[in-house]
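Everything on this sheet refers to the single structure shown next.
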Amino acid sequence: SILLRDGMTRAPVVRFTTAKRAAELKFFVEDPLNFEILSLMFNKSSRFARLQGIQCAIAGKNLYMRFSCSTGDAMGMNMVSKGVQNVLDYLQSEYPDMDVIGISGNFCSDKKPAAVNWIEGRGKSVVCEAIIKEDVVKKVLKTEVAALVELNMLKNLTGSAMAGALGGFNAHASNIVSAVYLATGQDPAQNVESSHCITMMEAVNDGKDLHISVTMPSIEVGTVGGGTQLASQSACLNLLGVKGANRDAPGSNARLLATIVAGSVLAGELSLMSAISAGQLVKSHMKYNRSIKDISQVINSS
């Protein structure tokens, strides 16, 4: 697993009386010469919040400013919101005619499927890969490399394109993300964008082995704050070796958790895709159906 990017976002929306004035603020905010003062205002809200950049979008006389910042081991939404408020207070003195409509204008974008997260990333952006040997594909997964590659192309890529999917080029990343989030005290509503994933499969080593990868641009996780402090969730984080804040390298625990999420998704993708390829999906659901009261009997009998 490789972490590609790490930055939580928040995008306030402000309004002016003219589009010209909105554009003036856009140019001011995006001017590299002004980054130092904006960073100073933003960073004073926290020891860990560090402004990375601001991306602007205009709709008429309304300006959306997408702030991105590092947040240490926290998921960081509260942290970035505080920093944004400090910058807005500063900008208000420079642009007294600016009307702050809301601290969040949905250009962030939180808890909603959005192309900006799929393309630009939000939280942690991770790619995870593995090579599955031919004998494992045949003996353990009960299928063939070529069959998996074809299924992935026609289901996860072409099928999702036919459906007009946004970040949904996978088999069931959401299942795994939700499970890990609930177990480790993350915000379950952020499963929406955190499950953005494209699963790729390719035959390698002269077509014998399978190269599988998952690329997830917006995994939003933290190892401090929120539900991470609950007893069971804290125990799970401890089990993974990522509990709390990393004092030696702030942010590394949350980044490691993000790669664990991606690795878990990769395993889940491999499992479900193999079951579908081998024609075992319905059979497995019937065998381990929840209506059976004592599942251990079924497991023992098999």
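The values are calculated or read from the model by the stated rules, or taken from the named source; none is laboratory data. Small disclaimer: the values here were computed from a predicted structure and weren't measured. Neighbour counts run over all protein chains shown; Cβ positions are idealised from the backbone, glycine included. When the accessible area is computed, the model is the full protein with side chains, heavy atoms only, and any ligands, DNA or RNA have been set aside. Shrake-Rupley method; radii C 1.70, N 1.55, O 1.52, S 1.80 Å.
For region 225-292, which helices (runs of 4 or more DSSP H) that fit wholly inside it have 1 or more residues that are within 23 Å of the chain's Cα centre (by Cα)?
Numbers: elements: 231-240, 252-277, 281-287.
Per the criteria, 231-240, 252-277.
Pairs please, first residue from region 227-252 and closer than 18 Å to residue 124 by Cβ and not assigned by the TED database to the domain that holds residue 69, second anywhere and part of a loop (DSSP other than H, G, I, E, B) and open to solvent by 90 Å² or more (accessible area, probe 1.4 Å), Cβ atoms under 6 Å, 6+ apart in sequence or on different chains.
Matching pairs, first to second residue: 237/243.
Scan region 196-219 residue by residue and report those that are in a loop (DSSP other than H, G, I, E, B) and over 20 Å from residue 272 (Cβ atoms).
Within region 196-219, 205, 206, 207, 208 meet the criteria.
Quick one: which residue in 78, 43 is over 21 Å from the mean Cα position of the chain (by Cα), within 27 Å of residue 258 (Cβ to Cβ) and not hydroxyl-bearing (Ser, Thr, Tyr)?
Being over 21 Å from the mean Cα position of the chain (by Cα), within 27 Å of residue 258 (Cβ to Cβ) and not hydroxyl-bearing (Ser, Thr, Tyr) holds for just one of 78, 43, which is 43.
Look at residue 125 and say whether it is among the hydroxyl-bearing types (Ser, Thr, Tyr) and assigned to a strand (DSSP E or B). Steps first, answer last, please.
Details: among the hydroxyl-bearing types (Ser, Thr, Tyr): yes; assigned to a strand (DSSP E or B): yes.
Considered against the rule, which asks whether it is among the hydroxyl-bearing types (Ser, Thr, Tyr) and assigned to a strand (DSSP E or B), residue 125 comes out as yes.
Among the numbered criteria (1) part of a strand (DSSP E or B); (2) farther than 29 Å from residue 237 by Cβ, which one does residue 67 miss?
(2)
Could you run through region 79-88 and say how many residues are surrounded by fewer than 21 Cβ atoms within 10 Å (Cβ to Cβ) and in contact (Cβ under 8 Å) with a residue 40 or more places away in the chain? Full working, then the answer.
At the first step, the residues of region 79-88 found to be surrounded by fewer than 21 Cβ atoms within 10 Å (Cβ to Cβ) are 81-82, 85-86, 88.
Narrowing further to those that are in contact (Cβ under 8 Å) with a residue 40 or more places away in the chain: 81, 85-86, 88.
Of the residues in region 79-88, 4 are surrounded by fewer than 21 Cβ atoms within 10 Å (Cβ to Cβ) and in contact (Cβ under 8 Å) with a residue 40 or more places away in the chain.
So residue 219 clears everything in (1) surrounded by fewer than 22 Cβ atoms within 10 Å (Cβ to Cβ); (2) within 18 Å of the chain's Cα centre (by Cα) except one condition, right? Which one?
(1)
What residue, among those in region 134-155 that are of a type outside the set (A, V, I, L, M) and touching a residue at least 60 places away in the same chain (Cβ under 8 Å), is nearest to residue 200 (Cα to Cα)?
Looking at residues that are of a type outside the set (A, V, I, L, M) and touching a residue at least 60 places away in the same chain (Cβ under 8 Å), I get 152.
Using the structure shown, decide if residue 190 is outside any helix (DSSP H, G or I), assigned by the TED database to the domain that holds residue 226 and open to solvent by less than 40 Å² (accessible area, probe 1.4 Å).
no
When only residues in region 89-101 that are without any contact (Cβ under 8 Å) to a residue 60 or more places away in the chain and in a helix (DSSP H, G or I) count, which is least open to solvent (accessible area, probe 1.4 Å)?
The extreme case among them is 90.
Could you check residue 198 against (1) open to solvent by less than 20 Å² (accessible area, probe 1.4 Å); (2) within 30 Å of residue 159 (Cβ to Cβ); (3) in contact with a Phe, Trp or Tyr (Cβ under 9 Å, 6 or more places away or on another chain); (4) of a type outside the set (Ser, Thr, Tyr) and say which number it fails?
All conditions are met except number (1).
For region 204-216: of the residues being of a type in the set (S, T, N, Q) and either more than 25 Å from the chain's Cα centre (by Cα) or open to solvent by less than 30 Å² (accessible area, probe 1.4 Å) (or both), which is farthest from residue 141 (Cα to Cα)?
205
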